Amino acid sequence: MTGLVVLVVTLLLAAAAGLVLRSRNGQVRATREAASTGAAALVAQLDALGVERGERLTLLQFSSPFCAPCRATRTLLADVARTAPDVRHVEVDVAAGDPELALVRHLDIRRTPTTVILDSHGEELARASGVPRREQVLAIVGPPETPQVSGR
Amino acid sequence: MSAAPVDVRGPRFGAWVTTIVLAVVLLTAGSPFGTVLLALQAVVFVVGATLGVRRAPYGVLFRWLLAPRLAPPTAFEDPEPPRFAQAVGTVFAVVGVLGFAVGWTPVGLAATALALAAAFLNAAFGFCLGCELYLLQRRATSRWRHPDPATTDPDTTSPTGKSATRRGVAA
């Protein structure tokens, strides 16, 4: 009897959690100014890691080795970055080492993949966890400079 | 890491079987049958975590029984994420078996319920709990080694600022 109650409660909670996660997953949310972390410190950390930023925008993706959606995110963001020469997609492996983990904590990254969109000064504009919605990323990046020849 | 991709429906099928098995474990909790069934599921997890999802019992079941009757696979995935999840499942299943075996039924129920929640989230939503735990575990262990995240590597930061940008996007 106890087992039946535990079973029903567990499935209900898991289903509720799943629905919430599904609705939030990949949503690109604008970063409020108060939540934005110090751009200068961030730029210094990125430089120390050898991460090259885009002239206008940087699509900073955090990935882990055990992560299938990270691959989908990589494909999507690389595709978006290809549409604009001043936008760069860079990927940080959170498991690579302590400097990477320091960056993860600095930006308070909790899941992989998480994408942080930075402006030319390293100021955070928006972020998304999960595979970002393409149209929401494009809304920030803007229209491509040249007509895009897509392979899809 | 570079193992051959697997049909995405394989691990998803395995998650459904795991969900059903763990549900039966909860319904029969406290009986020897329930404990033995959870122990068998623990063995399944161990095999999946060590040999990979392709050779895991439910993976073999999928390829022998179901895959030949289904349409050819259209989507593939890296087998590492589900393999990592099997390792996480092993921990919960072993704790659950020990709990039931020594008579700590609440411990057994809680561990089984957590494993069930993870399997169900994977089966119904394709949500990989193992992946989520991976980064949080890394952050937790690293914080223990480096208690002050704000002052990491100040001497390695580059004074060159934003001069490192290069025009264009590398292929």
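The simple spin-label model puts a point 7 Å past each Cα toward its Cβ; for A:A41 and A:L138 those points are separated by 3.7 nm.
Placing +1 on the Cβ of every Lys and Arg and -1 on the Cβ of every Asp and Glu, with nothing else charged, gives the stretch B:1-120 a dipole about its Cα centre of roughly 240 debye. Qualifying GluC sites (Glu not before Pro) in the stretch A:51-152, where qualification requires a DSSP coil assignment and no more than 13 other C-beta atoms within 10 Å, comprise A:E145.
Could you check the spin-label model distance between A:H106 and B:F33? Points 7 Å from the Cα along Cα→Cβ, value in nm. A separation of 5.9 nm, rounded to one decimal place.
Across the stretch B:41-83, Cα-Cα pairs more than 17 Å apart make up 35 percent of the total.
Each Lys and Arg contributes +1 and each Asp and Glu -1, all at the Cβ; summed about the Cα centre of the stretch A:27-141, the dipole is approximately 480 debye. Taking every DSSP helix (H) stretch of at least 4 residues in chain A, weighting each as -39,500 (n - 2.57) and dividing the sum by the residue count yields a mean residue ellipticity at 222 nm of -13500 deg cm²/dmol. Can you tell which of A:L46, A:L11, A:L19 shows the greatest fluctuation in a Gaussian network model of chain A with Cα springs below 10 Å? Among A:L46, A:L11, A:L19, the largest mean-square fluctuation in the Gaussian network model of chain A belongs to A:L11. Determine the shape class of the stretch A:27-141: with a ≥ b ≥ c the square roots of the Cα gyration tensor eigenvalues, call it rounded for a/c under 1.5, and otherwise prolate if a/b is greater than b/c, oblate otherwise. Cα axes put the stretch A:27-141 in the rounded bin.
For the stretch A:85-92, the Karplus equation 6.51 cos²θ - 1.76 cosθ + 1.60, evaluated at θ = phi - 60°, returns couplings of x, 9, 10, 10, 9, 10, 10, 10 Hz by residue, with Gly and Pro reported as x.
The shape of the stretch B:6-146 comes out oblate: with a ≥ b ≥ c from the C-alpha gyration tensor, a/c is at least 1.5 while a/b does not beat b/c.
Straightening the chain between A:V8 and A:R32 buys 4.7 nm, computed as 0.36 nm per residue apart minus the Cα-Cα spacing. Between B:L51 and B:L66, the modelled labels are 1.8 nm apart [label points 7 Å from Cα along Cα→Cβ].
Give the calculated FRET efficiency between A:H121 and B:A4 to the nearest 0.05, with a Förster radius of 35 Å applied to their Cβ-Cβ distance. With R0 = 35 Å, the Cβ-Cβ based efficiency is 0.20.
No lab work stands behind these numbers, since they all come straight from the coordinates. Everything numeric in this text was worked out from a predicted model, so none of it was measured. FYI the Cβ positions are ideal-geometry reconstructions off the backbone, even for glycines, and counts take in every protein chain you see.
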